[in-house]
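Novice: Can you read through this structure? Questions will come right after.
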Amino acid sequence: MRTRIPSATVGANGTAGRPHVPSGSRVYAVGDIHGRADLLDRLLEEMAGDLASWVPRRAVVVFLGDYVDRGPESRRVVERLASGPPSAGPLATAQWVALRGNHEDYVLRFLSDCSIGPGWFLNGGLETVRSYIGSIPPGLETDTRTLQRLLAEAMPPDHVRFLSRLPLSHTEGDYLFVHAGVRPGVPLARQDPQDMMWIRDEFLHSREAFGKVVVHGHSALPTPEMRPNRIGVDTGAWRSGRLTALVLEGADRRFLRTRAPDG
């Protein structure tokens, strides 16, 4: 499903004008997937169909983080993203950019420190463990040391490498892509990695011009949120059954959305 949104009338620098991505580029920014491989597959099909109608000189797909936890198929999502663009079709030549979210950070920290297990498990981490090891034996749901070992044994080395190498941000023209947001009052070049993965209220409530329009996930809403200084793309796929991508081309903005049959 495609929805066109009027272009902004405030530029990334807070002055009159329309933010742009580089000429000849079409950029897709995908919200939080959270283990919903079914929705990811559907959305990639939507993108391929969108590109088939007119192929730009350059296509970019930016995944905004939080690929794991909560939903049932974290392993399959990581496998799909780590494999890069499809080998054939309109997306085959796309630039593939996967950013690190706070839930990828959780996985990596748990693999080296099982003490964070209780906090991670409360935020959907057990679903990621199950996606790699299968069902968790009775009585082991709180045994963080054993679950750490089982996850480390089950997770393919290329998945660990993929997660550990994820960048925190990506820039296209007048847009900055991050998982959670940025700290108001701090230059973009000096942002704290923790803020880029975890910040919420200070960023969401700020009316400050950040230097670029920030495209982010992390804070789920029923529909995408457009503000002069930021665009939120997380539509809570793991529970809503709706996964969204922002599409940027020149000064134009629109959305692609996919949903589960019951979403």
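The values are calculated or read from the model by the stated rules, or taken from the named source; none is laboratory data. Given the structure is predicted, the values throughout are model-derived calculations rather than measurements. Cβ placement follows ideal geometry from the backbone for every residue including glycine, while neighbour counts extend to all protein chains displayed.
Novice: What pairs come up if the first residue lies in segment 66-78 and is among the hydroxyl-bearing types (S, T, Y), the second is outside any helix (DSSP H, G or I), and their beta carbons are under 6 Å apart, counting only those six or more places apart or on different chains?
Specialist: Sorted first by the residue in segment 66-78, then by its partner, the pairs are Y67/I33; S74/G35; S74/V68.
Novice: Sticking with this structure for a sec: Suppose we filter S135, S131 for residues that are hydroxyl-bearing (S, T, Y), under 23 Å from E73 (Cβ atoms) and in contact (Cβ under 8 Å) with a residue 12 or more places away in the chain; which single one remains?
Specialist: Only one candidate passes the filter, namely S131.
Novice: Only one of these conditions is not met by A180: (1) farther than 19 Å from D69 by Cβ; (2) in contact with a Phe, Trp or Tyr (Cβ under 6 Å, 6 or more places away or on another chain). Which number is it?
Specialist: All conditions are met except number (1).
Novice: Okay, moving on. Given the conditions (1) buried (at least 20 other Cβ atoms within 10 Å of the Cβ); (2) more than 18 Å from A37 (Cβ to Cβ), which single one is not true for R257?
Specialist: Looking at each condition in turn, R257 falls short on (2).
Novice: Another question, if that's okay. Counting only residues that are aliphatic (A, V, I, L, M) and at pLDDT 95 or above, which one in segment 138-151 is surrounded by the fewest Cβ atoms within 10 Å (Cβ to Cβ)?
Specialist: We begin by selecting, within segment 138-151, every residue aliphatic (A, V, I, L, M); these are 140, 147, 150-151.
Going one step further and asking which of them are at pLDDT 95 or above, we end up with 147, 150-151.
On the way: L147: 24, L150: 18, L151: 21.
Filtering segment 138-151 for residues that are aliphatic (A, V, I, L, M) and at pLDDT 95 or above, the one surrounded by the fewest Cβ atoms within 10 Å (Cβ to Cβ) comes out as L150.
Novice: Looking at segment 111-122, I want the residues that are under 21 Å from P156 (Cα atoms) and have a partner that is modelled with pLDDT of 95 or more and of a type in the set (K, R) with Cβ atoms under 7 Å, at least 6 apart or on another chain. Which pairs are those?
Specialist: What qualifies is C114/R145.
Novice: Under 22 Å from the mean Cα position of the chain (by Cα), assigned to a helix (DSSP H, G or I), more than 23 Å from H179 (Cβ to Cβ) and among the basic types (K, R), is that true of R145?
Specialist: No: the conditions fail for R145.
Novice: To continue, here is another question. Would a scan of segment 209-232 turn up a residue that is over 25 Å from P56 (Cβ atoms), out of contact with any Asp or Glu (no Cβ under 8 Å at 6 or more places or on another chain) and crowded, with 18+ Cβ neighbours inside 10 Å?
Specialist: Yes; the residues of segment 209-232 include at least one that is over 25 Å from P56 (Cβ atoms), out of contact with any Asp or Glu (no Cβ under 8 Å at 6 or more places or on another chain) and crowded, with 18+ Cβ neighbours inside 10 Å.
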